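Notes to accompany the following structure.
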Amino acid sequence: MKIINNKIWMLAAALLLSVGFTSCSDDDDEMPEMPVNYAQEDQMGRPAINTVFVSSSMKDNFNTTAPSAQGAAYQAAFESRLLALNPNYSTNALGMDATTFTTALATDVLSVSLDGTTTFFDGTNVLTGRALADDVISVELLLIFGGPDGTANPGLSDDNVDANDKAFLSSFPYLATPW
Amino acid sequence: MKKKTILSLGILALLATAIVYAADHIDAPGVTGTSSDITDYYAFQSPENNSNIVFVANLQGLLSPSASTSAAFDENVMVEFNIDTNGDAMEDLVIQCTFKDGMVTAYGPVAPIATGTSSTLVTTGTSVSTNITTYGSAASIGSEGGIKLFAGPRDDPFFMDFAQYGEIIGGNASSFNDPGADTFAGTNVMSVVVEVPKSMIGGSGTINTWVTSNREQ
């Protein structure tokens with residue numbers, strides 16, 4: 001019995017010692033000693049989704065809802081919002097009816113191709129990423145107001161600002177220096 | 001003519017009560033004007049290397065040049081790039097960026113400890129650090145294991161005639177101007193830019209990605 005007790009104590013001491021060493025080692029590496037936990041405050045996938053489609057009272061809630069839960073929680077509200085924005089909406093240039101379009105939008109993630117061109121829309125590729133120079137607002141206005149062939153509501157389907165006010169860099173970090 | 005009037009009224013009724021800012025700039029009351037407000041998100045193939053993807057998170061929009069000299073990242077806010085590699089809109093990999101003592105550190109890409117709206121810093125994978133670039137200084141670029149990192153003030157790459165959009169919503173105009181005027185011209189943001197090899201985030205196919213700002217608890 002005493003022998004067993006001794007073994008237990010030795011085991012306990014060994015465990016304590018190893019914990020101590022682990023802590024020291026952590027300190028040396030300047031690593032956090034305790035798990036650092038965070039709570040989400042803001043979120044964004046595609047441009048302007050929360051701004052355009054979420055009602056004022058739900059904006060913070062949308063920002064703190066995981067994308068996997070956004071579709072079920074927000075699709076119906078997005079569809080109502082789309083039809084209020086454009087009461088004549090039938091389909092858009094992507095051939096999406098109101099339900100299909102808002103189902104895609106309500107889960108606010110940005111799709112990115114790992115196999116080539118990455119652009120919001122370049123005339124050929126659709127939603128394969130978002131590059132700095134992409135005119136995303138005009139694309140979204142066109143999809144909301146432009147109708148099936150993009151010609152409806154011409155005064156609302158393009159804001160006629162097509163480029164940034166500073167040239168982007170050809171090398172990392174690509175964004176222009178600040179004003 | 002009647003159709004246009006109905007449309008305008010529809011827009012007016014719908015958006016009159018909304019706080020409308022472009023992209024994600026100042027999108028919601030809980031984060032507007034705070035250090036965790038995300039203004040924009042970009043993800044694109046590297047112009048320098050077809051084998052890499054670049055992620056850009058911008059925060060704290062509409063900074064004037066003078067405001068940019070003193071703008072800073074919040075040491076209690078972690079910026080997390082979320083990557084879904086299997087199409088279920090849940091993050092399979094994260095890149096977590098923290099800001100301490102003038103340095104930015106990016107951890108990952110690495111599997112998260114938990115998915116959803118709570119995050120725990122994962123310090124067991126790859127990490128890269130560099131100085132946070134100060135206003136007026138050359139870009140400080142961290143590089144480690146094929147990953148590049150930058151954090152600091154930059155020109156806001158977003159462009160839109162937001163002012164005219166407001167006029168339309170307010171019922172004072174029925175269409176955009178041609179040419180329009182970029183409301184975001186001459187303003188800056190606080191940017192975090194991370195470039196990673198595609199091989200670290202799925203290799204091929206399509207990923208879903210989103211960025212979050214997260215406050216230390």
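Quick notes on this structure:
- Per-residue Cβ neighbour rank within 10 angstrom, fewest leading, A:I49, B:I147: B:I147, A:I49
- When A:L94, A:L132 are sorted by how many other C-beta atoms sit within 10 angstrom of their C-beta, beginning with the fewest, the order is A:L94, A:L132.
- Net charge of Cβ neighbours under 11 Å - reference B:A185; Lys, Arg +1; Asp, Glu -1: -4
- For the range A:49-145: rounded, prolate or oblate by the Cα gyration tensor [a/c cutoff 1.5]: oblate
- When each of A:V126, B:V94 is scored by the number of other beta-carbon atoms lying within 10 Å, the sequence from fewest to most is A:V126, B:V94.
- Placing +1 on the Cβ of every Lys and Arg and -1 on the Cβ of every Asp and Glu, with nothing else charged, gives the range B:2-215 a dipole about its Cα centre of roughly 300 debye.
- Within the shell of other residues whose beta carbon sits under 11 angstrom from the beta carbon of A:T102, the net charge comes to -1, with Lys and Arg scored +1 and Asp and Glu -1.
No value in this document is a laboratory result; all are computed from the given coordinates. These numbers come from a predicted model, not from an experiment. FYI the Cβ positions are ideal-geometry reconstructions off the backbone, even for glycines, and counts take in every protein chain you see.
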